[in-house]
Amino acid sequence: MGGWDTREAQGKEDKGDFFMWYDWMAGGWGGRTDRDGSSATAPVFGPGLAVQPVEGQERLSPVITSHHTLITDSAGPGKYRGGLGVSKGGVLTDCADTVMSYCCDRSRSVTWGIEGGLPSIPQGVCLNRNSEDEQYLGALFSNVEVGPGDAFERPSAGGGGYGDPLERDPAEVLEDVIDGYVSVSRAAKDYGVVIRAIDPEIDEYELDDAATVELREEQRLSRVGKLSEDPEAVAQRYRNGELDQLDLIRHYGVILDWSTDELLPTTTQQFRAQLDKRTLAAWA
């Protein structure tokens with residue numbers, strides 16, 4: 001983002017100093033052959049690099065960081081899951097004539113898994129979420145006008161999973177739930193692991209071994225067929241609230257325009273083709 005920082009402007013005619021708020025995101029690395037991927041590390045200038053300190057950013061520009069946190073369920077499921085991505089948001093304060101631009105990847109070609117692993121999450125900027133003028137701006141745009149009070153947030157992708165997620169040790173999935181890396185619902189949907197929340201405030205959860213064996217057997221029989229279901233019918237189920245975004249991506253291989261919920265048939269065909277190569281082949 002760039003514009004005029006009016007925090008120290010003197011009078012109506014003075015716009016203050018010009019500012020540029022430049023930010024890159026940390027993300028998750030893919031699952032490895034014998035362990036999970038690293039979370040929240042930046043790929044620029046070498047793996048493991050930390051992100052910019054938000055305190056320095058806030059001193060130099062009229063943007064307050066609202067949150068910077070790991071994203072639950074952002075790691076691609078696998079026998080060894082990917083690392084988690086990060087959500088970062090900010091609010092503009094005293095500024096004038098300010099515009100926002102953004103460039104990233106994987107909003108439609110979502111970071112995939114290999115050797116049977118599943119994909120991560122799509123990327124893209126949301127402006128003024130949960131407000132009347134909420135906008136999903138996507139992953140590539142420039143010169144969008146913003147001003148004081150505007151809030152934005154964006155995710156970074158987690159790494160793709162390595163290996164069949166139905167082969168992940170249920171105890172490891174339970175630990176991921178306790179750590180907040182995986183939700184109880186996605187533990188069941190993505191790993192076939194049934195976990196009951198007893199008292200989340202004190203991280204008390206219970207693993208149901210018998211139900212997990214039954215659910216995993218059911219998913220082994222049904223999951224391949226989901227990736228050949230009619231894409232438009234699947235998209236309509238999403239619009240009706242029967243499926244969520246990760247259901248579409250990970251279990252049906254269906255990609256939409258995330259701002260309009262319109263089916264992208266060519267992208268879906270291409271995405272299913274790479275799932276067939278990198279995921280279904282290992283399941284078979």
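The values are calculated or read from the model by the stated rules, or taken from the named source; none is laboratory data. Keep in mind it's a predicted model, so treat the numbers as computed, not measured. Note: ideal-geometry Cβ built from the backbone for every residue, glycine included; neighbour counts use all protein chains shown. Please note that ligands, DNA and RNA were not included when accessible areas were found on the heavy atoms of the full protein model with its side chains. Shrake-Rupley method; radii C 1.70, N 1.55, O 1.52, S 1.80 Å.
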Discussion item. If Ser131 meets every condition in (1) surrounded by fewer than 20 Cβ atoms within 10 Å (Cβ to Cβ); (2) out of contact with any Gly (no Cβ under 8 Å at 6 or more places or on another chain); (3) more than 20 Å from Val63 (Cβ to Cβ) apart from one, which number is that one?
Written reply: (3)
Worksheet item: Somewhere in region 106-123, is a residue more than 15 Å from the chain's Cα centre (by Cα), part of a strand (DSSP E or B) and at pLDDT below 95?
Response: no
Worksheet item: Does region 53-70 contain at least one residue that is surrounded by fewer than 18 Cβ atoms within 10 Å (Cβ to Cβ) and small (Gly, Ala, Ser)?
Response: yes
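Quick one: count up the residues across region 239-254 that are outside any helix (DSSP H, G or I), of a type outside the set (A, V, I, L, M, F, W, C) and crowded, with 18+ Cβ neighbours inside 10 Å.
Residues in region 239-254 being outside any helix (DSSP H, G or I), of a type outside the set (A, V, I, L, M, F, W, C) and crowded, with 18+ Cβ neighbours inside 10 Å: 1 in total.
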Practice prompt. Please enumerate the residues belonging to region 255-270 that are under 16 Å from the mean Cα position of the chain (by Cα) and buried (at least 17 other Cβ atoms within 10 Å of the Cβ).
Written response: Ile255, Leu256, Trp258
Worksheet entry | Test: residue in region 209-223 that is among the small types (Gly, Ala, Ser) and either under 19 Å from Gly76 (Cα atoms) or surrounded by 15 or more Cβ atoms within 10 Å (Cβ to Cβ) (or both) | yes
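Have a look at Asp203, Asp150 and point out the one that is charged (D, E, K, R), more than 27 Å from Thr268 (Cβ to Cβ) and buried (at least 17 other Cβ atoms within 10 Å of the Cβ). Reasoning before the result, please.
Working: Asp203 fails: buried (at least 17 other Cβ atoms within 10 Å of the Cβ).
One residue alone meets the criteria, Asp150.
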Practice prompt. List every residue pair whose Cβ atoms sit under 6 Å apart, with the two residues 6 or more apart in sequence or on different chains, where the first one lies in region 237-254 and is in contact (Cβ under 8 Å) with a residue 60 or more places away in the chain and aliphatic (A, V, I, L, M) and the second, anywhere, is assigned to a loop (DSSP other than H, G, I, E, B) and buried (at least 18 other Cβ atoms within 10 Å of the Cβ).
Written response: Ile249/Val110; Ile249/Pro119
Practice prompt. Return a yes/no flag: does region 158-175 have any residue that is open to solvent by less than 50 Å² (accessible area, probe 1.4 Å), in contact (Cβ under 8 Å) with a residue 24 or more places away in the chain and under 30 Å from Ile64 (Cα atoms).
Written response: yes
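Quick check on region 136-181: of everything there that is assigned to a loop (DSSP other than H, G, I, E, B) and touching a helix residue (DSSP H, G or I) at 6+ places or on another chain (Cβ under 8 Å), which residue is farthest from Gly78 (Cα to Cα)? Steps first, answer last, please.
Residues of region 136-181 assigned to a loop (DSSP other than H, G, I, E, B): 139, 147-150, 156-161, 163-164, 168-169, 180-181.
Among the residues that remain, those that are also touching a helix residue (DSSP H, G or I) at 6+ places or on another chain (Cβ under 8 Å) are: 163-164, 168.
Numbers: Gly163: 5, Asp164: 5, Arg168: 7 Å.
Here the answer is Arg168.
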